[in-house]
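What follows is a single structure, written as structure tokens, with notes after it.
Just so you know, all these numbers are worked out from the coordinates, no wet-lab data involved. Remember, predicted model here, so these are calculated numbers, not experimental data. Virtual Cβ from ideal backbone geometry, glycine too; neighbours counted across all protein chains shown.
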Amino acid sequence: MLERLAALEERFEELTRLMSDPEVARDYEKVAEYAKQRAEIAETVSVYRHYKQVQEELAGAREMFHEEDAELREMAHTEVARLETEQSSLEEQLRKMLLPKDPRDAKNVIMEIRAGAGGDEAGLFAAELFRMYTRYAERQGGWKTELLSENRTGIGGFKEVVFMVKGQGAFSRLKYESGVHRVQRVPVTESSGRIHTSTITVAVLPEIEAVEIEVNPKDLEISTYGSSGPGGQHMQKNDTAVRMVHKPTGLVVTCESERSLTQNKLHALSVLRARLYEAERRKREAKLDATRRSQVGTGERSEKIRTYNFPQNRVTDHRISKSIYDLPSVLDGDLAGFIEALALDEQARNLARVS
């Protein structure tokens, strides 16, 4: 770790020299690139320099152990204890700073919720999860949600709903929601009062720019149709909804959330790029780890990342064995307890790998 930190400090000093070089100063693009690189490592270098200063102070304090004056020796012990605590804290901070950052964390996300096992009850709970994520986005301040496509059931649920969440760091928070969500409760359609178990799958995909995934227009088969979504008669008269098929992979995307055909095409293309990116990412990971499970599994009841148990007023995340006994608050978007615990768990596992 110390070698990596020393190399970062050396690079920081080199970038500082380059930016002050009159020859380089004439090239605005190069200066901007150097400034960006320098800013990215500035905080780590600052903490590292503080760490080195503490090490020097610690060495000096330990030398005072040999003083003849008992009071000075006692002061030295106190100072050494303080500095060792600070050194340990700085080491932990630096280890975290050196963890590889997920380049997707700052991106907006496309979320896909699909009813799994459980029929109409699964569709109803899919609608509740959609509301939960919408409320969570509202709680973040400045985040926005945008419906992209929906396939409703006859009783107010969703067979499938696709929407975008726009906000700083949206993927870094919502990526933990990918997987199978299980609900246990007495359905409104159940007359005998028996508890049913249903599942919903959630996929969280980072929004991908056109430069990251190039889609050849010749690979697309695009058809339009009259939207069945909100908008009344105006939308029924015009074919504004889009069905897009990516012929090489067979991926199908539909979008009917906008009144404009052009906007629906752009949204559909955005979803397609995200799915293609995710498929490619998972293919690469599969080569590295053939036993790695897919993001959302099959939707079977035995697979789950989280269970929402209505009779017990309990929500349990099985990945971190954490339960919250306030189901209404969670469904109203209060996911911070789970998301923060999952982020800490991921950080701890990453630290264990690099330590």
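Multiplying the residue separation of GLU86 and LEU98 by 0.36 nm and subtracting their alpha-carbon distance yields 2.5 nm.
As an exercise, use a Förster radius of 25 Å and the Cβ-Cβ distance of ARG282 and LEU351 to find the FRET efficiency, rounded to the nearest 0.05. That pair, ARG282 with LEU351, gives E of 0.50. Positive-end ranking of SER329, MET19, MET164 along the dipole of the chain, with charges on Cβ about the Cα centre, is headed by MET164.
Here the gap between ARG4 and GLU68, fully extended at 0.36 nm per residue and compared with their Cα-Cα distance, gives a gain of 19.0 nm.
When the dipole is taken about the Cα centre of region 24-182, and only Lys, Arg (+1) and Asp, Glu (-1) are charged at their Cβ, what size is it in debye, to the nearest 20?
The calculation lands at about 1340 debye.
Ordered by the count of other Cβ atoms within 10 Å of each Cβ, fewest first, THR197, THR262, THR316 give THR262, THR197, THR316. Report the relative contact order of the chain, percent, no decimals, based on alpha-carbon pairs under 8 angstrom and at least 6 residues apart. Value for the chain: 15 percent. Placing unit charges on the Cβ atoms only, positive for Lys and Arg and negative for Asp and Glu, gives the chain a dipole magnitude near 2240 debye about its Cα centre. I need LEU94, LEU344 ordered by Cβ neighbour count within 10 Å, fewest first. With the sparsest Cβ surroundings first, the list reads LEU344, LEU94. In the chain, the DSSP-assigned H stretches of four residues or longer account for a calculated mean residue ellipticity at 222 nm of -16500 deg cm²/dmol, using -39500 (n - 2.57) per stretch and the full residue count as denominator. Under the combined filter of DSSP loop state and at most 16 neighbouring Cβ atoms within 10 Å, region 1-87 retains these trypsin sites (Lys or Arg not before Pro): ARG26. Extending 7 Å from Cα along the Cβ direction at ALA336 and again at ARG49 yields two label points whose distance is 3.4 nm. Taking amide H atoms as placed 1.01 Å from N in the peptide plane, the amide H of PHE158 lies under 5 Å from those of LEU124, ALA126, ALA127, THR153, each 5 or more residues away in sequence or on another chain. Look at the dipole of the chain built from charges on Cβ: of THR262, TRP143, SER88, the Cα furthest out on the positive end belongs to THR262. Placing R0 at 41 angstrom, the Cβ-Cβ distance between LEU266 and SER192 gives a FRET efficiency of 0.25 after rounding to 0.05.
With everything on Cα atoms, drop me the angle between helix 70-97 and the longest principal axis of the chain, reported from 0 to 90° to the nearest 10. Orientation of helix 70-97: about 30 degrees from the principal axis.
Measuring nothing but how far apart in sequence close Cα pairs (under 8 Å, 6+ apart) lie, relative to its length, region 2-97 scores a relative contact order of 24 percent.
The alpha-carbon atoms of the chain, seen along their principal axes, cover 90, 62, 40 angstrom, with the largest extent given first. Just going by the charge dipole of the chain, with Lys and Arg at +1 and Asp and Glu at -1 on Cβ, which of GLY193, PRO311, GLY179 is farthest out on the positive end? Of GLY193, PRO311, GLY179, it is GLY193.
Classify region 1-111 as rounded, prolate or oblate from the Cα gyration tensor: take a ≥ b ≥ c as the square roots of its eigenvalues, call it rounded if a/c is under 1.5, otherwise prolate when a/b beats b/c and oblate if not. Walk me through the numbers on the way to the answer.
Numbers: a/c = 4.50, a/b = 1.88, b/c = 2.39.
It comes out oblate by the Cα gyration axes.
Pairs from the list LYS218/LYS247; LYS101/LYS322; LYS101/LYS304; LYS36/LYS175; LYS52/LYS101 with a Cα-Cα gap above 18 Å: LYS101/LYS322; LYS101/LYS304; LYS36/LYS175; LYS52/LYS101.
To the nearest 0.05, how large is the calculated FRET efficiency for GLU160 and ARG319 if R₀ is 25 Å and r is the Cβ-Cβ distance? The pair GLU160/ARG319 has a calculated efficiency of 0.55. Panel order for PHE338, PHE310, PHE125, by other beta carbons found within 10 Å of each beta carbon, from fewest to most: PHE310, PHE338, PHE125.
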